[in-house]
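Here is the structure we will look at, set down as structure tokens.
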Amino acid sequence: MAEAVLRVFRGDSENGETKDYKVPVEEGMVVLDALLYIQANYDGDLAVRWNCKAAKCGSCSTEINGIPKLSCKTRMDSLPRDEPITVYPIKAFPVIKDLVTDVKWNYQKQKEIPPFTPPEDEEMIMYQDDVERSQEFRKCIECFLCQNVCHILRDNNAKESFFGPRYLIKIAELDMHPLDTVDRSELLRNEAGVGFCNITKCCTEVCPENIRITDNAIIPLKERVVDKYFDPINWILSKLKED
Amino acid sequence: MAISATQNYTTLRTDNWRVAPIITVIILGSFVIYATWRALENQYYLAEPYLSPFYSPLINPEWWPISPAILILWAPGLFRFTCYYYRKAYYRSFAGMPPACAVEGRSKESYSGESKFPLILQNLHRFFFYAASIVLIFLWYDAFKAFNFDGHYGVGVGSIILVLNVFLLSMYSLSCHSFRHLIGGKLNVFSSCPTRFTLWKGASSLNERHMLWAWVSLFGVCLTDLYIRLVATGVITDMRLV
Ligand code: SF4
Ligand code: SF4
Ligand code: FES
Ligand code: FES
């Protein structure tokens, strides 16, 4: 039977090293299967976070040969086997143990976004055309691969100044909703730091749900900020409309 | 700046991630060098009835000491420079912020992206879109004029090249993110503005290929100019088809 060598990170944020494991490769096997094989046959204390094994819960985010991926969605036969396959925890968040990282910062950011606020006592018929755009963003499984790959959080650790792509799509989802009444442009420009994003699109490249994060959420949000803060023509037109 | 001691590595990628930024530097760099040289050359831009897109519209005020192309090129130049796609391309390849995904680049602790001067000026992209659209109207006019040979209708290879060039430039403009926003993306209730919704859908479908239009229109404009220069210098003769 074909074999692969997995080079897996073992340790935490302070200390750690990689360890090689030989794993038999079966047809249709994914990297998560190989990790569970290691757990069952070599090291029972290997920490791996997973839940659905169907690319839907967003728990199993790792870095496979240096590329942020869901381990349950990465087939072993898609990886070259002439070198050991490296499996690391995601880099932008502190390691708790082995492949498990502490991602609570994300949930804290989520709380800072004003929730959906429809108008009081007003009924409106919702058309598919109006909600379709936001629906793309609702596919998010919160795997945080986009947060992890974004160089602003990963290399600069600018977690004080930037919410990251996952929460920019959350803001886009709410902002583009036809019934929402909250103006989040102040938050977007300041706390969420949409201006920090330099649209280099790595978030879009790694998203397992194929959400077009940059094109459909971040750039439109940047344009909305321009409407409000950098476009005098738009400002005059909107004032005239108000009058 | 690593998050922790054990996460202190530049990249673990094993694929050839350097190729894309190197190719971008070569192509974009060559374009900038060629366009600058041609804009400053100030000759061989007219081979009747063809006018090079670098010099259109042709305005030649007496008080202007250098090439008239400079009076024009700031508009399409800044339109491209502030384009969301080219920003991605040069931030990655020239600035290394980041050079490729999951590869630590040259970002510094003081990184502020496009939130501070000078990069905050990227927000002016829509104004360069307006300016470049005016130039585009002149380029369409030039393309029509390219079928007029001394008052008679005719078709030369150059006529077709000029039409193709302005078509590609138009697709680039129509697929622009700012245009997509202004035409309808800024609305939250599409159902109350069906025309803008339809236009937004059209712009959105072109926008999916914005990168493609950005590259082919860049090649298109250079090759068009090169063709006119070759005809103007007598290196080749324009072939008349009709
Ligand atoms: S496009 Fe913006 S949010 Fe997405 S990875 Fe790049 S910098 Fe981060
Ligand atoms: S946007 Fe995509 S990559 Fe980001 S958390 Fe959601 S599913 Fe994961
Ligand atoms: S285990 Fe649920 S997404 Fe991979
Ligand atoms: S986004 Fe590329 S031209 Fe506007």
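The values are calculated or read from the model by the stated rules, or taken from the named source; none is laboratory data. Values in this document were obtained by computation on a predicted structure and should not be read as measured data. When we count neighbours, we look across all protein chains shown, and the Cβ atoms used for this are built from the backbone with ideal geometry, even at glycine. Calculation scope for accessible area: heavy atoms of the full protein, side chains included, ligands and nucleic acids excluded. Shrake-Rupley method; radii C 1.70, N 1.55, O 1.52, S 1.80 Å.
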Q | Rounded if a/c under 1.5, otherwise prolate or oblate - segment A:111-243, Cα gyration tensor axes | A | oblate
Q. Shape of chain A from its Cα gyration tensor (a ≥ b ≥ c, root eigenvalues): rounded if a/c is under 1.5, otherwise prolate when a/b > b/c, or oblate?
A. prolate
Q) Roughly how much accessible area, to the nearest 100 Å², goes out of reach of solvent when B and A pair up, both sides summed, probe 1.4 Å? A) 4800 Å²
**Q.** FRET efficiency for B:Ser192 and B:Leu223, using Cβ-Cβ distance with R0 set to 35 Å, rounded to 0.05
**A.** 0.20
Q: Taking amide H positions as placed in the peptide plane 1.01 Å from N, state which residues far from A:Thr18 in sequence (5 or more) or on other chains have amide H under 5 Å from it.
A: A:Arg10
Q. Hey, in the GNM for chain A with a 10 angstrom Cα cutoff, which one of A:Pro220, A:Pro165, A:Pro80 fluctuates hardest?
A. A:Pro80
Q: Would you mind checking A:Lys109/A:Lys239; A:Lys139/B:Lys201; A:Lys19/B:Lys108; A:Lys53/A:Lys201; A:Lys159/A:Lys201; A:Lys97/B:Lys116 for any pair whose Cα atoms are more than 29 angstrom apart?
A: A:Lys109/A:Lys239; A:Lys19/B:Lys108; A:Lys97/B:Lys116
Q: Using only the Cα atoms of segment A:40-81, build the gyration tensor, take square roots of its eigenvalues as a ≥ b ≥ c, and label the shape rounded, prolate or oblate: rounded if a/c is under 1.5, else prolate if a/b is larger than b/c, else oblate.
A: oblate
Q | Isolated Cys in chain B, by beta carbon distance under 4.7 Å | A | B:Cys83, B:Cys176, B:Cys193, B:Cys222
Q. What ranking, highest mean first, results for peptides B:27-36, B:5-14, B:59-68 when packing means the other Cβ atoms within 10 Å averaged over each residue?
A. B:5-14, B:27-36, B:59-68
Q) Taking the Cβ of A:Leu188 as the center, what net charge do the other residues with Cβ under 10 Å away carry, scoring Lys and Arg +1 and Asp and Glu -1? A) +1
Q.
If I build a Gaussian network model for chain A, linking alpha-carbon pairs within less than 10 angstrom, which residue out of A:Val31, A:Val131, A:Val206 has the largest mean-square fluctuation?
A. A:Val131
Q.
Using a Gaussian network model on chain A with a 10 Å cutoff between Cα atoms, which of A:Phe163, A:Phe116, A:Phe144 fluctuates the most?
A. A:Phe116
(Q) What are the membrane-span-like helices in chain B by this rule: whole DSSP H runs, Cα extent along the axis at least 18 Å, mean Kyte-Doolittle hydropathy at least -0.5? (A) B:19-41, B:125-145, B:157-174, B:194-207, B:210-232
(Q) What's the whole-number percent of alpha carbon pairs in the protein assembly as shown lying beyond 30 angstrom? (A) 55 percent
Q.
Probe of 1.4 angstrom, ligands and nucleic acids ignored: what's the accessible area per residue over the protein assembly as shown, in square angstrom?
A. 47 Å²
Q) Add -39500 (n - 2.57) for each DSSP H run of 4 or more in the protein assembly as shown, then divide by its residues: what number comes out at 222 nm, to the nearest 500 deg cm²/dmol? A) -13000 deg cm²/dmol
